Amino acid sequence: MNLALISHPDCLLHTNGSVVGMPHPENAGRITAIQDQLIAQGLDPWLIHIDAPEATREQLLLVHDQDYVDDVFQSVPEQGLVHFDQDVVLGPNNLKAALHAAGSGIAAVDWVMPHAERRAFCAIRPPGHHAGRRKAAGFCLFNNATIAAYYALEQYGLTRVAIIDFDVHHGDGTENIVADDARILFCSSFQHPYYPYSGFPASADNCLPVPLARGTLGPAWRTAVEEAWFARLEAFAPELIVISAGFDSHMQDDMGGLGLVEADYAWLTKALVRVARINAGGRIISLLEGGYEYHALARSVAAHLVELQV
Ligand SMILES: [Zn+2]
């Protein structure tokens with residue numbers, strides 16, 4: 001058993017409130033849908049279950065400014081919800097959930113580093129890739145994936161980490177944090193132009209964007225990704241691959257307008273396992289970002305995990 005599933009019950013307590021009487025799309029049902037699918041598909045018994053610890057303040061400061069972290073901690077209300085940003089709310093349990101979400105990446109790095117061929121998936125919320133050094137945005141408070149990447153660089157002395165992001169939205173927070181850091185190669189595909197209206201052209205040489213027109217389907221996405229990423233990725237020879245796994249690029253997810261399906265996620269995951277085996281001892285950690293249509297999300301995560309488990 002080489003694949004860890006990392007989560008924490010507190011991630012279910014995170015709430016974004018409701019939108020005109022409807023549940024907010026980023027809700028706890030996303031995590032339970034994934035858990036249900038893994039059980040129904042018989043995958044669950046093959047996973048090492050790890051409880052995500054809370055990230056420490058020091059770990060948050062690997063990528064976020066002190067003032068920003070202080071601001072988050074001081075803004076949590078004792079009851080009710082407050083808007084910390086236009087799309088980010090804070091409630092009594094939201095900071096706890098965000099700390100466990102950030103801590104999941106730390107636990108994932110600690111799981112994969114001691115042995116080759118270990119991989120991990122973090123079923124967590126809130127997501128992280130829109131959170132920048134000093135900015136919350138797009139349901140994201142702390143940038144979970146980059147915290148994990150920088151933790152691996154600092155704690156394990158790595159020198160090259162690749163971050164792969166296939167969420168339908170550009171990971172603007174991630175790019176804000178890693179731009180011009182030669183230790184990171186940031187490969188991202190996203191609908192363009194679309195929220196957050198950034199990412200193309202790239203802000204730095206270590207960022208490899210694949211902007212996709214609304215309506216792009218899997219075959220065209222595979223070709224574009226292959227051309228933009230694979231040669232650079234193999235030359236970069238990452239010692240660890242971190243995936244910002246957003247499944248809102250799925251055909252059935254109307255949060256975006258792309259047309260990926262389970263087989264596309266499986267295809268990329270398989271290719272990344274191949275790249276990871278060249279220099280990273282097969283080590284990959286993957287953290288949930290977007291994905292709002294329960295069924296498509298759950299099936300896509302399962303397809304992703306089947307390939308990570310190989
Ligand atoms: Zn997204």
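Computed values, structure above
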read-out	value
Helices (runs of 4 or more DSSP H) within segment 216-310 that include 1 or more residues under 22 Å from Trp111 (Cβ atoms), at pLDDT 95 or above and not hydrophobic (A, V, I, L, M, F, W, C)	262-279, 294-308
Verdict on Asp253 being open to solvent by less than 10 Å² (accessible area, probe 1.4 Å) and either away from the ligand (no atom under 12 Å from the Cβ) or without any contact (Cβ under 8 Å) to a residue 40 or more places away in the chain (or both)	no
So Gly215, is it surrounded by fewer than 22 Cβ atoms within 10 Å (Cβ to Cβ) and either over 15 Å from the mean Cα position of the chain (by Cα) or touching a residue at least 24 places away in the same chain (Cβ under 8 Å) (or both)	yes
Odd one out for Ala55, checked against (1) assigned to a helix (DSSP H, G or I); (2) surrounded by 17 or more Cβ atoms within 10 Å (Cβ to Cβ); (3) out of contact with any strand residue (DSSP E or B) (no Cβ under 9 Å at 6 or more places or on another chain)	(1)
Test set (1) loosely packed, with under 15 Cβ neighbours inside 10 Å; (2) modelled with pLDDT under 95 - Asp87 fails condition number	(1)
Selection from segment 158-173 of residues that are open to solvent by 10 Å² or more (accessible area, probe 1.4 Å), within 12 Å of the ligand (Cβ to nearest atom) and assigned to a loop (DSSP other than H, G, I, E, B)	His169
Any hit, segment 267-288, residues being of a type in the set (Phe, Trp, Tyr) and buried (at least 23 other Cβ atoms within 10 Å of the Cβ)	no
Some residue of segment 228-238 being within 15 Å of the ligand (Cβ to nearest atom) and open to solvent by less than 30 Å² (accessible area, probe 1.4 Å)	no
Residues (farther than 16 Å from Ser7 by Cβ and either under 11 Å from the mean Cα position of the chain (by Cα) or open to solvent by less than 20 Å² (accessible area, probe 1.4 Å) (or both)) located in segment 113-141	His129, His130, Ala131, Gly132, Ala136, Ala137, Gly138, Cys140, Leu141
Residue check, Ser198 within 15 Å of the ligand (Cβ to nearest atom), at negative phi, assigned to a strand (DSSP E or B) and in contact (Cβ under 8 Å) with a residue 24 or more places away in the chain	no
Residue within segment 124-137 that is farther than 23 Å from Thr15 by Cα, more than 15 Å from the ligand (Cβ to nearest atom) and part of a strand (DSSP E or B) present	no
The one condition in (1) more than 19 Å from the chain's Cα centre (by Cα); (2) within 16 Å of the ligand (Cβ to nearest atom) that Ser286 fails to fulfil	(1)
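The values are calculated or read from the model by the stated rules, or taken from the named source; none is laboratory data. Just so we're clear, the structure is a prediction, and the values are computed from it rather than from any experiment. So basically every Cβ, Gly included, is an ideal-geometry build from the backbone, and we count neighbours across all protein chains shown. To get the accessible areas, we keep the full protein, side chains included, count just its heavy atoms, and leave off ligands, DNA and RNA. Shrake-Rupley method; radii C 1.70, N 1.55, O 1.52, S 1.80 Å.
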